[in-house]
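The values are calculated or read from the model by the stated rules, or taken from the named source; none is laboratory data. Quantities reported herein were computed from a predicted structural model and do not represent experimental measurements. Heads up, the Cβs are rebuilt from the backbone with ideal geometry, glycines too, and the neighbour counts pull from every protein chain shown.
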Amino acid sequence: MRTVKTAEERKNEILDVAEELFAEKGYDNASTNDIIARIGIARGTLYHHFGSKEEILDAIVDRMTREGISQARSIVNDKSLPILKRLTGVLGSLQVKGSAGNEVMEQMHKPQNALLHQKMQERLINGVVPLIAQLIKEGNESGIFDTKYPNEAAEMIMLYGNIAFDDNENLTPRQKKRKGNAFIYNTEKMLGAKAGSLEKALMRFF
């Protein structure tokens, strides 16, 4: 019997299979024909949901971003965890995972996808800055942090992190470590945190 799927189920199926194929073949070598063949759907079904492979990539990026923000929100709201553990959890939830994610990020850094890359960064900043600000305010109340500008500090952390660590592949290990140390040092200063208090929590990202 033929399985009838809702529009949302079918869209997610297309995105799931596209991610698999991008990881296996690379974005440039995977085609919409490959996606259609693996799912076993008509060409018209795919193009009913997505007009091109580029639209599929855009939808994958949007889904990855929404999932990362949702995970970050769940971590921030888990008051059973210490503030610093929640902060590192938020940053960790934004890290790209798996070969499919790596392939997507490789595409994002290509000049032709600059607009899509910008859109992803804007979505992350708009979604995550309020969550980090919430943690900073909690840190102020508990005495871990001491800053008059929690919202602005959260924005600066996200903007600096996005720009400075967005594409680190061309840096040597020593350069990466130095940038990481500088990020931690300046974040501690900005948040009014005790010197060295964020090193253990944040250094694992570098």
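Taking the criterion of being outside the structural domain of Leu15 (by TED's automatic domain parsing), of a type in the set (Ser, Thr, Tyr) and closer than 14 Å to Glu19 by Cα, would at least one residue in segment 98-115 satisfy it?
Yes, segment 98-115 contains a residue that is outside the structural domain of Leu15 (by TED's automatic domain parsing), of a type in the set (Ser, Thr, Tyr) and closer than 14 Å to Glu19 by Cα.
Could you figure out which of (1) outside any helix (DSSP H, G or I); (2) at pLDDT 95 or above; (3) closer than 21 Å to Gly127 by Cα isn't true of Asp166?
The number of the failed condition is (2).
Would you say Gly127 is within 26 Å of Ala23 (Cβ to Cβ), surrounded by 15 or more Cβ atoms within 10 Å (Cβ to Cβ) and either modelled with pLDDT of 85 or more or acidic (Asp, Glu) (or both)?
When the stated conditions are applied, Gly127 passes them.
Take Lys119 and tell me if it is surrounded by fewer than 13 Cβ atoms within 10 Å (Cβ to Cβ), on the phi < 0 side of the Ramachandran plot and not assigned by TED's automatic domain parsing to the domain that holds Glu19.
Criteria not met by Lys119.
Contact list please: Cβ distance under 6 Å, first residue in segment 71-91 and over 12 Å from Arg204 (Cβ atoms), second residue aromatic (Phe, Trp, Tyr) and surrounded by fewer than 18 Cβ atoms within 10 Å (Cβ to Cβ), pairs at least six apart or on different chains.
Listed by first residue and then by second, the contacts come to nothing, as the list is empty.
Filter segment 98-111 down to residues that are in contact with a helix residue (DSSP H, G or I) (Cβ under 9 Å, 6 or more places away or on another chain) and loosely packed, with under 15 Cβ neighbours inside 10 Å and give me whichever is farthest from Asp28 (Cα to Cα).
Among those that are in contact with a helix residue (DSSP H, G or I) (Cβ under 9 Å, 6 or more places away or on another chain) and loosely packed, with under 15 Cβ neighbours inside 10 Å, it is Gly98.
Which members of segment 109-143 meet the condition of being over 17 Å from Ser70 (Cα atoms), charged (D, E, K, R) and not in a loop (DSSP other than H, G, I, E, B)?
Lys119, Lys137, Glu138, Glu141
It is to be established whether one or more residues within segment 77-100 are more than 24 Å from the chain's Cα centre (by Cα), modelled with pLDDT of 90 or more and closer than 23 Å to Met120 by Cβ.
no
Could we say that Val61 is in the same structural domain as His109 (by TED's automatic domain parsing) and either touching a His at 6+ places or on another chain (Cβ under 9 Å) or over 25 Å from Gly127 (Cα atoms) (or both) here?
Yes, satisfied.
Can you tell me how many residues within segment 144-154 are of a type outside the set (D, E, K, R), assigned to a helix (DSSP H, G or I) and either free of Cβ contacts under 8 Å to residues at least 24 places away in the same chain or outside the structural domain of Ser80 (by TED's automatic domain parsing) (or both)?
Residues that pass the stated criteria total 2.
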